[in-house]
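Input: a single structure, listed below in structure tokens.
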Amino acid sequence: MSPRGALAPLPRSFYARDTVDVARELLGKLLVRSGPQASVSRIVEVEAYLGERDQASHARRGPTPRAAIMFGPPGHLYVYLVYGMHHCMNVITEGDGVAGAVLLRAAEPLAVGGQVPRATASIRPLAGPGKLCAGLGITRAQNGLDLCAAGTLFVAADPLPPPDVMPRVKRSPRIGVAYAGAWASRKLRFYLAGNPHVSGKPRE
DNA sequence: GCCACGATAGTG
DNA sequence: ACTATCGTGGCG
């Protein structure tokens, strides 16, 4: 069995915590997609969306039909459509009844179809939330999916973690939330400095 | 009902 | 800077 042959979903207790802590610790974790579109990729960029007080969060208007899932139990997937054409995927955080989510913005492709590719450049880039969902085949059909079950999508700890992941975590304001007043400048975007798969220009 | 506006990304 | 393209939610 290969070193990555025993990937298991992170337990619900991982998600049932402070959203910022979950966001930081998701960096370096593995996104595992099984089935026809099987792939493994490393999460390199995320954004934390806090509860109702966060004016950039979909939860800011309370548990509306779309955002209600953010108030639900942790460890589930929240997928929505932005600008009428791109999907964005989030993991739900905090305890049941408390809103919180982490937007997955970029991942580094590691393997496709169970095979480690010769060059990661041969794989579609996964930089940016829309591209990430497109690359993994995530649509609203996956909204509400339980990431803590061993299904077609889950997050796993890397059994062979690079030694320098956590020291490389940097933070910045979130992308595309200029309307959010004081919340627009809060440094709630986290990424691995220097990783070429991080979206946008300021990778350092 | 109706309508303004995005947690985007590619092109000019 | 401009645009494709549509669900969400605010408002009446």
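The set of residues in region A:73-92 being of a type in the set (Gly, Ala, Ser) and within 14 Å of DNA strand C (Cβ to nearest atom) consists of A:84 alone. Candidates in region A:1-33 are the residues that are assigned to a strand (DSSP E or B) and of a type outside the set (Lys, Arg); of these, the one that is farthest from residue A:146 (Cα to Cα) is A:30. Counting only residues that are modelled with pLDDT under 85 and over 19 Å from residue A:109 (Cα atoms), region A:167-200 holds 1 of them.
What about residue A:83, is it more than 21 Å from residue A:7 (Cα to Cα), at pLDDT 95 or above and not basic (Lys, Arg)? No: the conditions fail for residue A:83.
The set of residues in region A:34-68 being near DNA strand B (Cβ under 9 Å from one of its atoms), closer than 20 Å to residue A:145 by Cα and part of a helix (DSSP H, G or I) consists of A:58, A:59, A:67. Listed by first and then second residue, the pairs with beta-carbon distance under 9 Å, at least 6 apart or on different chains, first residue in region A:151-165 and farther than 13 Å from residue A:34 by Cα, second among the β-branched types (Val, Ile, Thr) and part of a loop (DSSP other than H, G, I, E, B), are A:158/A:165. The set of residues in region A:54-72 being near DNA strand C (Cβ under 9 Å from one of its atoms), over 17 Å from the mean Cα position of the chain (by Cα), more than 14 Å from residue A:97 (Cβ to Cβ) and not hydroxyl-bearing (Ser, Thr, Tyr) consists of A:60, A:61, A:65, A:66.
Beta carbons closer than 7 Å, at least 6 apart along the sequence or on distinct chains, pair a first residue in region A:174-188 that is in contact (Cβ under 8 Å) with a residue 60 or more places away in the chain with a second that is acidic (Asp, Glu) and within 11 Å of DNA strand B (Cβ to nearest atom) for A:174/A:47; A:183/A:54; A:188/A:47. Evaluated against (1) out of contact with any Gly (no Cβ under 7 Å at 6 or more places or on another chain); (2) exposed (fewer than 15 other Cβ atoms within 10 Å of the Cβ), residue A:37 falls short on exactly one condition, (1). Pairing each residue of region A:83-100 that is within 14 Å of residue A:57 (Cα to Cα) and part of a strand (DSSP E or B) with any residue that is within 12 Å of DNA strand C (Cβ to nearest atom) and hydroxyl-bearing (Ser, Thr, Tyr), provided the two are 6+ apart or on different chains, yields C-beta distances under 9 Å for A:88/A:78; A:88/A:80; A:89/A:78; A:89/A:80; A:90/A:78; A:90/A:80; A:91/A:78; A:92/A:78. The sole residue among A:102, A:112 that is of a type in the set (Val, Ile, Thr) and at pLDDT 95 or above is A:102.
The values are calculated or read from the model by the stated rules, or taken from the named source; none is laboratory data. Quick caveat: nothing in here was measured; it's all calculated off a predicted structure. Methodologically, a virtual Cβ is constructed for each residue, glycine included, from the backbone with ideal geometry; neighbour enumeration extends over all protein chains shown.
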